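The values are calculated or read from the model by the stated rules, or taken from the named source; none is laboratory data. What you see is a predicted model, and the numbers here were worked out from it, not measured in a lab. Counting neighbours? That spans all protein chains shown, and the Cβs are built from the backbone with ideal geometry, glycine included.
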Protein chains: 4
Amino acid sequence: MMKNNKQEIIVDAALEVFRDKGYANTRMADIARRAGVSYGLVYHYFASKEVLFDVIVEGWWGRLYQMLKDEKVSDTGCREKLEHIIRFFLDMYAEKPNLVSIFITEVSRSSVYHTAKGLAKFRSFFSLTEEIMVEGQKKGFLRSDIGPHYLTYIFLGAIEAFISVMVLGKEEVTRERRDRTINGVTEVFLSGAMAE
Amino acid sequence: MMKNNKQEIIVDAALEVFRDKGYANTRMADIARRAGVSYGLVYHYFASKEVLFDVIVEGWWGRLYQMLKDEKVSDTGCREKLEHIIRFFLDMYAEKPNLVSIFITEVSRSSVYHTAKGLAKFRSFFSLTEEIMVEGQKKGFLRSDIGPHYLTYIFLGAIEAFISVMVLGKEEVTRERRDRTINGVTEVFLSGAMAE
Amino acid sequence: MMKNNKQEIIVDAALEVFRDKGYANTRMADIARRAGVSYGLVYHYFASKEVLFDVIVEGWWGRLYQMLKDEKVSDTGCREKLEHIIRFFLDMYAEKPNLVSIFITEVSRSSVYHTAKGLAKFRSFFSLTEEIMVEGQKKGFLRSDIGPHYLTYIFLGAIEAFISVMVLGKEEVTRERRDRTINGVTEVFLSGAMAE
Amino acid sequence: MMKNNKQEIIVDAALEVFRDKGYANTRMADIARRAGVSYGLVYHYFASKEVLFDVIVEGWWGRLYQMLKDEKVSDTGCREKLEHIIRFFLDMYAEKPNLVSIFITEVSRSSVYHTAKGLAKFRSFFSLTEEIMVEGQKKGFLRSDIGPHYLTYIFLGAIEAFISVMVLGKEEVTRERRDRTINGVTEVFLSGAMAE
DNA sequence: CATGAATGAGGGTTCATTCAT
DNA sequence: CATGAATGAACCCTCATTCAT
C-alpha cells in the first residue's frame, strides 16, 4: 500500500500524535520527532498537515466502506451483518486504536467544519448501513413500522457510544469483552430493552 | 443568572462562533466582532478563551444534570423518564441549537484531551442515566440479563446519533418531528428492531 | 495623510530596510526592529509584507502621477515641463532617497512586481509623459519625424539612468548638481549630442 | 565553451526560470524540472544557486565587454559605433531574450546583486562606453560643453528604456523594428528632439 | 554521472493576552 | 466600563544544500 518505509513511519507517528493531542494541537514538529525523522521529511512526503491528516482519514473511510460493501453483497442473514458491523469497529479499535480514536474525536464529531468533503463521506456511511436495514425490512426480519433512517441512527449511535466510551477512557478490548458487546448491542437493538 | 447585559451578548456571540468554527478555529476577535464589542471587553468579563468556553459548557452540563436529577426523583414510569430525556435533547436543540452543537462537536472531544475535568463530567452524565436504567431493571420494567451499562450506552448513543445528524446537517426540528423521533427511539429501544 | 504616528514610523523603517536589502531579503523582523516596535505591531497595521510594500509603492505612484497631471494642465512651455519632470525625480531623490531607490531597484524592473497591476501603473506613467511629447510636437516645438513613443523612451530612459547611477552609488545630490543635471539632460535631449 | 551537454541544458533552463520568476522566486527544483534532470545534478555542475546565476551573468558581461572593446578599437566613426552598441542590445534580445531580460530585471538594478562585485562590472560597462564618448568629443564629432558622463548616461539610459519596454511587455523585435529603433535613438541622441 | 531522499535553519504570519488611556 | 494599540511566543511551511546509493 505504502511504497515507502519512511512514509509509513510518519503516518504511524501522526496517528499517535493526532490521537494524543487532537488535530489542532498537533505540531508537525511533534510528528517528525515521534517518527524519528527530520522536520523537512514530513513535508517531503506530505504537502501539509491537512494532507497528512486526510491520508489517515481516507484510510479509515476506505476500510469502513469496504467492509460495508462486503456485508451488503454477502448472503448472510441480517443479524449476522449487524454483528459484523459491530465487530468491525471493535476489531479495528483493537488493531488500530489510534485510527478509531481519531475517527471518533476528530472526524465523526467535527465533520461540520470540513464541510462538503467530510459530510459527503458521512452520508455514504449512513446510506450503506441504511441499505442493509432496508434489506432486513424487505426480508421481514426487521419491523417496517419504523423508518429505516431511525433504525440506522439508533444502531450506529449505539456502536459509536460504545466506541466513544472506550476511546475516552482509553480502554482496551479483550476478545471476551468484544463478544459480550457484540451480543449485548445486537440483542438490545433487535429484541429491545424491555423485560419479557 | 447573568448579571450583565454585555456579558450575555458576548456569551451568545461566542456560542455562535464556537458553533460555526469550532473551538480551535475561533478567534477572540471573531467573538468580539460578532458581539459588537471591542475585544478588550471580552477579557474584561472572561479571563481567557478557555474560561469563556467553560462558562458555556458549564451552562450545558448544569441544565443536563438538573434534568436528569429531576427525572430520577420524579415518580413517573421508566418509559416516561426515557422519553423525557430524549425530549430534553430535542427541545434543547430547538431552543439553543448552538449550545447542543457545541456539546456534540466540541465537548466530547475536549474531554479526551483535557482529561480529568471533562471526563468526570461525562461520567456523571452516564452515571445519572445509568441509575435510571438500574431503577427500571429493579422495577422489572427493563430486562436484567443485559448490564445497565449496555442499556445506557445504547440509549444515549441512539440519542446522540439523532442529534448529531441534525447538527451536522444543520436541520431544524418541528414539534411533529420531535414527537416522531421520541416515539421511534423509545419504541426501538424498548421493543427492539425485530419484526413481530 | 497617515492618521497614525506608529504607522508612519513603520513605513519609514520599511522604506529603509527595503532600500538596503531589497524586497526579497527584507525580514519583517528587521522592519519592526528598525521601527523600534514589536513584531506584531507591524501586522496590526499592515496585513502582510506585500501590503506594506504596496503602500509604499502606491505613495510613489501617487506623487508621480500628480506631478505629471499638474504639468500636463500647466501652461508653461514644453522645455519647462520636461525640466520639471527631471527636477521632480531629483528633488524626490533628495527628499526621499529611499523611496526613489525602491522605485528604481524594486519596482521599475522586477518582473515579479509587474504582473498586470504594476504593468498598468507603468503604462500610465509612460502615457502621461507621452502626452506631453505629443503636445510639444503639435506646438511645433518637438520634431515630428520621430514618433512620440521614441521621444518618451529616450527622455525617461535618460532620467532613469541618472537616477540609477545615484541610487547604485548611493550618491547625494546638491542643488548645484541637480541644476547641472537638469540642464545637461534637457540640453542633450532637445539639441542633441552632436557638436555644432 | 560548455564542455558538457547537460550543463548547457541546465543553464538554458535556469535562464528561462530566472527570467520568468526572478532570482529570488526561482527554486532550484524549478530549474531541475525545467531541465528535465534530477536536482542533485544541478548541484553536481554548479555549487549553488548563486554560482549558477553568476555563470549566466558572467556570460552576459563577457559578450557586452567584448563588443565594447571591439568597438573601441574599430576605426569606424562615432555614429557607427553608437549604432553598433544599440544593435548589440537589440540583436542580443532577439537571439537570447531571456539573457537580456535577466540583465534588465535582475542585474541592472537589484541593490542586492550590487555589492561591490556587481557594481564594479557596471562601472566598467559605463567606462568603456564613456571612452567612446570621449573619443567622439576629441574628434570634434560630439559636443564638448557637456561632460562625457552625461552623454554616456543619456545614451545608455535611452537604450535601456527601449529594452526594458520590450522586456516588460515581452515583445518581439523584427529586423525592421530594430533598424527603426537604431535610427530613432541615434538620431535623437545626436541631433536632439527639437524641431528644425 | 545521476538520483532523490533527507536535513534543518529561517521566514512570514497568527493570535491570545496585556495595558495605557 | 470600554477601547484597541501593543506584545511576542509559537507554528506551518519553504527550500537551498547534502549525501547515500
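For the reader, a short list of remarks on this structure follows.
- Residues (touching a residue at least 60 places away in the same chain (Cβ under 8 Å) and closer than 19 Å to D:ALA24 by Cα) located in the range C:3-53: C:PHE18, C:ARG19, C:GLY22, C:TYR23
- Any hit, the range A:43-62, residues being within 25 Å of A:LEU190 (Cβ to Cβ), surrounded by 16 or more Cβ atoms within 10 Å (Cβ to Cβ) and more than 16 Å from DNA strand E (Cβ to nearest atom): no
- Test: C:VAL134 is assigned by TED's automatic domain parsing to the domain that holds C:PHE89, over 19 Å from the mean Cα position of the chain (by Cα) and of a type in the set (A, V, I, L, M, F, W, C): yes
- Failed item in (1) within 13 Å of chain C (Cβ to nearest Cβ); (2) surrounded by 18 or more Cβ atoms within 10 Å (Cβ to Cβ); (3) under 30 Å from C:ASP20 (Cβ atoms), with D:PRO97 passing the rest: (3)
- Lone qualifier among B:ALA24, B:ALA14 - being part of a loop (DSSP other than H, G, I, E, B), surrounded by 14 or more Cβ atoms within 10 Å (Cβ to Cβ) and within 16 Å of DNA strand E (Cβ to nearest atom): B:ALA24
- Qualifying residue in the range C:142-153 (condition: touching a residue at least 60 places away in the same chain (Cβ under 8 Å), in a helix (DSSP H, G or I) and more than 7 Å from chain D (Cβ to nearest Cβ)): no
- Options A:LYS72, A:LYS117; residue that is more than 16 Å from DNA strand E (Cβ to nearest atom), on the phi < 0 side of the Ramachandran plot, among the basic types (Lys, Arg) and without any contact (Cβ under 8 Å) to a residue 24 or more places away in the chain: A:LYS117
- Look at (1) among the polar types (S, T, N, Q); (2) over 11 Å from the mean Cα position of the chain (by Cα); (3) more than 16 Å from DNA strand F (Cβ to nearest atom) and you find that B:THR105 fails only one, number (2).
- Any hit, the range A:37-56, residues being near DNA strand F (Cβ under 8 Å from one of its atoms) and within 14 Å of chain B (Cβ to nearest Cβ): yes
- Here C:VAL37 fits the description: outside any helix (DSSP H, G or I) and within 16 Å of DNA strand E (Cβ to nearest atom).
- The listed residues are C:PHE126, C:PHE103, and the only one of them that is in contact with a Ser or Thr (Cβ under 9 Å, 6 or more places away or on another chain), within 13 Å of another protein chain (Cβ to nearest Cβ) and assigned to a helix (DSSP H, G or I) turns out to be C:PHE126.
- Of the criteria (1) surrounded by fewer than 19 Cβ atoms within 10 Å (Cβ to Cβ); (2) farther than 16 Å from B:LEU64 by Cα, which one B:SER127 fails: (2)
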